[in-house]
Amino acid sequence: MEKKILLSARGLSKDFPVSGKRRLHALSQVDLDIYQGETLALVGESGCGKSTLGRTLIRLIPATSGSISFEGQDISSVSEKEFRPLRSKMQIIFQDPYASLDPRMTVRDIIAEPLETHHVCATAKETTQRVTELMKAAGLPAEYLYRYPHQFSGGQRQRIGIARALALKPKLIICDEPVSALDVSVQNQILNLLKDLQAEFGLTYLFISHDLSVVRFLSDRTCVMFLGKLCEVGDTAQVYGKPMHPYTRFLLGAIPEIDPRARGEKRPLLQGELPSPIDPPSGCRFHTRCPYATERCRTEEPQLRNVEGRQVACHRCEEI
Amino acid sequence: MDEAITLSVRDLSTSFFSEKGEVKAVDHVSFDVPHGSIVGLVGESGCGKSMTARSIMKLLKYPGKIVGGEILLEGRNLVPLSERDMSLIRGEEIAMIFQEPMTSLNPVVPVGKQVQEAILQHRKISREEAKKKVLHMLEMVGISEPEKRYRCYPHELSGGLRQRVMIAMAMICRPKLLIADEPTTALDVTVEAQILELLRELRDTIGTSIILISHNLGVIAQLCDYVYVMYAGQVVECAPVLELFDHPSHPYTRGLMDSVRSLRRGDERLSTIPGVVPNLLRLPQGCRFAPRCPMAGEGCRSCPPELKAVSAGHLVRCPYGQR
Amino acid sequence: MRDEQEEMLTMQMEAPEDVLGEADTLKDQLKRMARQNKLAVVSAVVILLFVLGAIFAPVLTPYEFDQQDVINRLASPSAEHLLGTDELGRDVLTRLLYGSRISLLVGVVPTVISMLAGAVLGICAGYIGGKTDVIIMRLADIMLAFPSMLLAMVIMYTLGDGLINIFLALALVSWASVARIVRSETLKLKESVFVEAAKSMGVSRLKIMCRHIFPNCLPSMIVLFTLNIPSAILSESSLSFLGIGIKYPQASWGLMVNLGRQFLYTKPWLSLAPSIAIMLVVLAFNFLGDGLRDVLDPHLKDQ
Amino acid sequence: MLLNILKRCLQALVVLIGVALLIFIMLRIVPGNAIITMMGEHANPEAIERMTAELGLNKPLYVQFFTYISGALRGDFGTSYSLHVSVSSLIAQAFPNTLCLALAAAVVAWLIGIVCGIIAAIKENSLLDRLFMGFSLFGVSMPVFMVAMVLQYLLAYKLHWFDISGINDWRGFVLPAIALGWNSAGSIARLTRSTLVEVLQEDYIDTARAKGRRRMGVILFHALRNSMLPVITMMAVQLSSLLSGAVICETIFSINGIGRLAVDAISGRDIPLLQGTILLSTALVILGNLVADCLYSVLDPRVRKGD
């Protein structure tokens, strides 16, 4: 069955000005497709540009160059005014459940804000009705309607954030590390909820995370990012089962096993420091830390190419 | 017991006194740290593991206070010691590293100077000699170009490097005990792996005992020899690491492990622990875990259970704790 | 993850999971202050007394504020004249009561004006940024470069004497510092995730400023308000003391000090009584502001 | 860093020009003709016209402004209308007095303020802390003229320790400096305390204590430098309020300073003098700001490196 592309980005780049005339290259030349109804995971370490990519895709920050299309419509060149109605189709859930809710608004007002902004309901009463439905869907008791965010625990606040993101019946939800601030037991509750909601509302997720086990549970496909570039894109099972890009291997190898017997195994350790995104290394950006790097890696930038049913940006991935 | 004990904590209780009453953050916690071993304290946020660590260092913030128990460092009780005597022990015999390498270093002092300060505090040596030792220590914790890094300010270093500096600072006097409070929580996985490896190496070469505090069962499994699981201010289960991971006996420990394991396996539905951590001001009458426990009976709700041995060295605070 | 002890403390205070209702709103914060800080409560009462005194001045004293009694000039305190009389035989206590009208008005009116202007300009500068920011902040820099007393003097010189002009002068002097503080607050809020969330939903700029930025600036603005009132009162009294503000025969505390100064060595109460009145009001406002800051906005520094 | 300072200087210059323009405009839109005030009601119209032309007041405003600015850059602020001497010479006489007064007051304020602030912060929530903070609030709440008059009455009139007014030797500065510094001492003490208390909550303070540093060592080596950063920024603000207070102090103690010149200029409707005094004091504040900025970037390595 041919899958339908929901959102696709081509040649997406994002620079941030830093002191002097220099620029920080958060994203360079990223091509990405998100299919309807799937969960695409975006993994990488802090500073690799994954959050920037998520925000750029829904125009929360403007791209420096490149194009984005949503349901076949180009959204990177339309004006802010024309884009505003489209916002309701793509929503975002944030990492920090403490900071993402306005402390001076009640839960009702927080969840009602998107509804009021897009004039979904005719009357205030109808809005409240809709808010209680959303709260129920996110697993929050409706009695909490007029409470303030600080009266909730971290997990409950994240549920509020989820209810808010659902309010406009979006097609795409960007989940930006939605569980990394939570404890394990609560984290699992939220992940289960996200999975249920996806089935119920036919949602598409772009799931950004640094935690590879969380990604494995939820995602259909996985994208690995390093320093503003994609290095491996493929089915989650394939990527986890047989990582091709050296960086993916290190990343997977670094997860501490929850089995104390696995201790004896010598794990591959990544050496050196993360290069600066202000002036990234020439050629392959990973070559300064890659034990397999050759002269070619230092000079020629590898492009994403199809290898064994997935895309890898490495010159030597077949040999190693 | 034939092995020497570096630190022995007996019935330690730490409370802080808030407007609404006494909060028993650490409630009669006991554990031993054998010489040269790594002991893990594991639990979710708010379970009292960091407070335990701070109590051992006597670095509690106002309004926290040790209200009972003993902290024996090679037989010497630290609880009654004055601030002055304690400062002779901190850094020299017990050192500590913190969760946030970002904020744990003074932003206006070069990192080398901060490490040097630690050794000058306890050794009567010249500055040049101290600097030499610092450079050596920096190299030992895996910092390349120590001369150059010596003069760097914290904001010029990455998170991993900063944590290495913190470790160098803690280890420079070769303390008997290192307390590592969530040393890798703020770091990326690849850096985390490096730091854990470093801690293990230091234990092997210097012979320092380590208390490792973490919420991450993976980190605990990789590094620790003994594990103490904490919940709502109490130790609910303790065992040697293999025993604990093979036979988790307290329902909370099992719940935690199931949560992590089902996530790693990629189950269709993840197992969870229902409910939330209890408010320490309004603790349940009986077992503190009872409201969330799938096995809790009437007895659990009325009468608090004691820590009981289920096998050699394996204690569980649950009447149903079986192998 | 946050510091554990802090986390536990906030957990206990806010008890997230099992308390219904009990929102920590402004009202609760004020109640908490009243419980913890008795001094602030006393200050509020003192301020209230001054306000009542100002309103009911005609009822409280049998004299008029400009009623002269040449025979009883410079009388010492007595049962008839509790605080004595001045060089024209006017009752000092009466003039103090009437003077509190001016002082309180001068404290409140220009502060309200400058708070409003400062808040609007500060939020615009901070949120819109770019050229708007540069222009507003340069203007504020210019205003802040003047020693406030001298600027007020020049403005009074340009506008002429009178109560309304004092209002204007003091408002002009103090809007810039308000704008600066509100701007820095706005810059912090602008980066906050909940503002980003609002943006992601397509909420317009104006709405974000009104619904998110402004309410979150409010606590520090309330504190600022109570702290700017006393400085306005002090400025007015200084101006009047120099003879540049309120003109004779109206009663203003600063003016009374000025007129009493020539008798400092013989009749010290003439200048001391109004000085103490000024100090009391200012002190009360400062204590109140201090208490408010502790509960509302622990991060706003002394300026 | 040098570039940063240069940028700051440029900004300061812009502000200074803005200030000059603002004063200039404010003083020209004043109702009533300054010339008439100067020459008296009954001067003959011809003389008035001659005078107007002589002073260049018949030219368009912007020409007047540029004439004034270019003069000011050469140190020529015009001639006082009421005293008929050059403004520069008047200022030259008065400026040292004000500077001495302000410096003395600043020393008083900073010494008392910082010491009290540090003690209060170290003994946070103790009786001493509360006492100091209560006193500092008193300090902030007392009008300058009140402190000045109380000091004058008690120490000079009753006890004869100091002269009542005027400056004959250094002792003449003592009372005015205390009166002037009183206010600032209070606010500096409060700021020092609050920042120090905040810094003492930082993680790196725990780190320092975990190293085995004693309390004093932690405070002197780690906390103080960090907590002084906001206090330095306050310097310029304080300078501005000191100059404001100087107006009153100089009036009460009859000191021939900038502030009193300004007051005299206002009562004599002497525009060039007023303009000169205000421009000078404002320039001083701007300079203070600049110094504070530079000091800040020296003390804070995070600022030192560009942005």
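The values are calculated or read from the model by the stated rules, or taken from the named source; none is laboratory data. Since the structure is predicted, the reported quantities are computational estimates derived from the model, not experimental observations. Note that each Cβ is placed from the backbone with ideal geometry, even for glycine, and that neighbours are counted across all protein chains shown. Ligands, DNA and RNA are stripped out before the accessible areas are found, and what is left, the full protein with its side chains, is counted by its heavy atoms. Shrake-Rupley method; radii C 1.70, N 1.55, O 1.52, S 1.80 Å.
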Probe radius 1.4 Å, ligands and nucleic acids left out: can you give me the accessible area buried at the D-B interface, summed over both chains, in Å² to the nearest hundred? 2500 Å²
Take the Cβ-Cβ distance between B:L72 and A:A199 as r, set R0 to 56 Å, and report the resulting FRET efficiency rounded to the nearest 0.05. 0.50
Exposed loop chymotrypsin sites (Phe, Trp or Tyr not before Pro) only (DSSP loop, at most 15 other Cβ atoms within 10 Å): please give the longest stretch of chain D free of them, not including the sites. D:1-160
Which distance in nm do the two modelled labels at C:V51 and C:Q67 give, with both placed 7 Å along the Cα-to-Cβ direction? 2.8 nm
Where C meets A: accessible area buried, both sides, 1.4 Å probe, Å²: 2700 Å²
For B:Y320 and D:Q11, FRET efficiency with R0 = 60 Å and r from the beta-carbon atoms, rounded to 0.05? 0.25
Just to be sure I understand the interface: list residues from the range D:141-159 that lose 50 Å² or more of accessible area between the chain on its own and the complete protein assembly, 1.4 Å probe. D:S141, D:F145, D:M146, D:M149, D:Y153
How large is the accessible surface per residue of the range B:5-231, computed with a 1.4 Å probe and reported in Å² as a whole number? 32 Å²
Relative packing of peptides D:255-266, B:278-289 - highest average C-beta neighbours within 10 Å first: D:255-266, B:278-289
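For chain C, the longest stretch holding no chymotrypsin sites (Phe, Trp or Tyr not before Pro) located in a DSSP loop with at most 15 other Cβ atoms within 10 Å is which?
Answer from the scan: C:57-264.
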How many Cβ atoms of partner chains, on average, are near each residue of A:208-215 if near means within 10 Å of its Cβ? 2
For B:I97, what residues show an amide H to amide H distance below 5 Å, using hydrogens built from the backbone and excluding near sequence neighbours? B:I179, B:A180, B:D181
J(HN,Hα) series, the range D:191-200, from Karplus relation 6.51 cos²θ - 1.76 cosθ + 1.60, nearest Hz, glycine and proline x: 5, 4, 4, 5, 5, 5, 4, 5, 5, 5
Regarding the range C:137-186, what are the three Cα extents along the principal axes, ordered largest first, in Å? 36, 18, 14
Counting only other chains, and only Cβ atoms inside 10 Å, what mean value do you get across the residues of A:77-90? 1
If you roll a 1.4 angstrom probe over the protein chains with everything in place, what fraction of the accessible area of chain A belongs to carbon and sulfur, to the nearest %? 50 percent
State the Cα centre-to-centre distance between the range B:153-200 and the range A:243-286 in whole Å. 18 Å
Can you tell me the equivalent ellipsoid semi-axes for the protein assembly as shown? Use √(5λ) from the Cα gyration tensor, largest first, whole Å. 62, 36, 32
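For the range B:5-231, what ratio Rg/Rh do Cα atoms give with a Kirkwood hydrodynamic radius?
Rg/Rh: 0.96.
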Can you work out the FRET efficiency for the pair B:R174 and D:L2, with r the C-beta to C-beta distance and R0 = 51 Å, to the nearest 0.05? 0.70
Check which residues have an amide H placed less than 5 Å from A:I93's amide H, if you skip close sequence neighbours. A:I174, A:C175, A:D176
With the cut-off at 1.5 for a/c, could you classify chain A from its C-alpha gyration tensor as rounded, prolate or oblate? prolate
With the solvent-accessible surface defined on protein heavy atoms using a 1.4 Å probe, which residues belonging to the range A:239-260 display a reduction of at least 40 Å² in accessible area in the multichain context relative to the isolated chain? A:A254, A:P256, A:I258, A:P260
Under a GNM of chain C (C-alpha, springs under 10 Å), which listed residue has the highest mean-square fluctuation: C:V46, C:V134, C:V108? C:V134
For the range D:178-307, what is the accessible area per residue in Å², given a 1.4 Å probe and the full set of protein chains? 31 Å²
The longest stretch of chain B containing none of the GluC sites (Glu not before Pro) that sit in a DSSP loop with at most 14 other Cβ atoms within 10 Å is B:75-267
What trypsin sites (Lys or Arg not before Pro) does the range D:91-169 have in DSSP loop regions with at most 15 other beta carbons within 10 Å? D:K123
Quantify, in whole percent, the carbon and sulfur part of the accessible surface of chain C (1.4 Å probe; protein heavy atoms only). 67 percent
With a 10 Å cut-off between alpha carbons and a GNM built on chain C, which of C:T186, C:T132, C:T266 moves the most? C:T266
Once you place label points 7 Å from the Cα toward the Cβ at D:L21 and C:A34, how far apart are they in nm? 5.1 nm
May I ask you to list the lysines whose Cα is less than 24 Å away from that of C:K131, ignoring any residue fewer than eight positions away on the same chain? A:K14, A:K21, A:K81, C:K188, C:K190, C:K199, C:K207, D:K7
What residues qualify as long-range amide H neighbours of B:V227, i.e. H under 5 Å apart, gap of 5 or more or another chain, H built at 1.01 Å from N? B:G40, B:A239, B:V241
How many Cβ atoms of partner chains, on average, are near each residue of C:239-246 if near means within 10 Å of its Cβ? 4
Express the relative contact order of the range B:5-231 as a whole percentage, based on alpha carbon pairs under 8 Å and six or more residues apart in sequence. 30 percent
Rounded to a whole number of µm²/s, how large is the Stokes-Einstein D of chain C at 37 °C and 0.692 mPa s, given Rh as the Kirkwood radius over C-alpha pairs? 151 µm²/s
Protein accessible area in chain D, 1.4 Å probe - carbon and sulfur %: 67 percent
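When the gyration tensor of the range C:178-303 is built from Cα positions, what are the square roots of 5 times its three eigenvalues, in whole Å, from largest to smallest?
On the way: eigenvalues 387, 43, 16 Å².
That gives 44, 15, 9 Å for the three semi-axes.
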What figure, in Å² to the nearest 10, do you get for the accessible area of D:I69 with a 1.4 Å probe and non-protein molecules left out? 40 Å²
Which residues in the range A:168-203 place their backbone N less than 18 Å from a point set 7 Å from the Cα of A:A122 along the Cα-to-Cβ direction? none
For the range B:289-306, in order, what is each residue's ³J(HN,Hα) by Karplus, 6.51 cos²θ - 1.76 cosθ + 1.60 with θ = phi - 60°, in whole Hz (x at glycine and Pro)? 9, 3, x, 10, 8, x, 9, 5, x, 4, x, 4, 7, 9, 10, x, x, 9
Residue-averaged [θ]222 nm for chain C, counting only DSSP H segments that reach four residues, each worth -39500 (n - 2.57): -23500 deg cm²/dmol
Shape call, chain D: gyration tensor on alpha carbons, a/c limit 1.5: oblate
In square angstrom, what is the accessible area per residue of the range A:100-169 with a 1.4 angstrom probe? 37 Å²
Note every residue of the range B:203-219 with a reduction of at least 30 square angstrom in accessible area, all protein chains present versus the isolated chain, computed with a 1.4 Å probe, or write none. B:H215
Output row D,C: buried area (accessible, probe 1.4 Å, summed both chains) in Å², nearest hundred, equals 4300 Å²
What distance in nm lies between label points placed 7 Å from Cα along the C-beta direction at A:V18 and A:H150? 3.6 nm
Treat every Asp and Glu Cβ in chain B as -1 and every Lys and Arg Cβ as +1, leave all other atoms uncharged, and give the resulting dipole magnitude about the Cα centre to the nearest 20 debye. 620 debye
For chain A, what relative contact order do you get, as a whole percent, if you take Cα pairs closer than 8 Å and at least 6 residues apart? 20 percent
In whole Hz, the Karplus estimates of ³J(HN,Hα) for the range A:201-210 (6.51, -1.76, 1.60; θ = phi - 60°; x where Gly or Pro) are 9, x, 8, 10, 10, 10, 9, 9, 7, 9
Please find, in a Gaussian network model of chain A (springs between Cα atoms separated by less than 10 Å), the residue of A:F250, A:F94, A:F16 whose mean-square fluctuation is greatest. A:F16
What number, rounded to the nearest 500 deg cm²/dmol, is the helix-based mean residue ellipticity at 222 nm of chain A, given -39500 (n - 2.57) per DSSP H run of at least four residues and division by all its residues? -9000 deg cm²/dmol
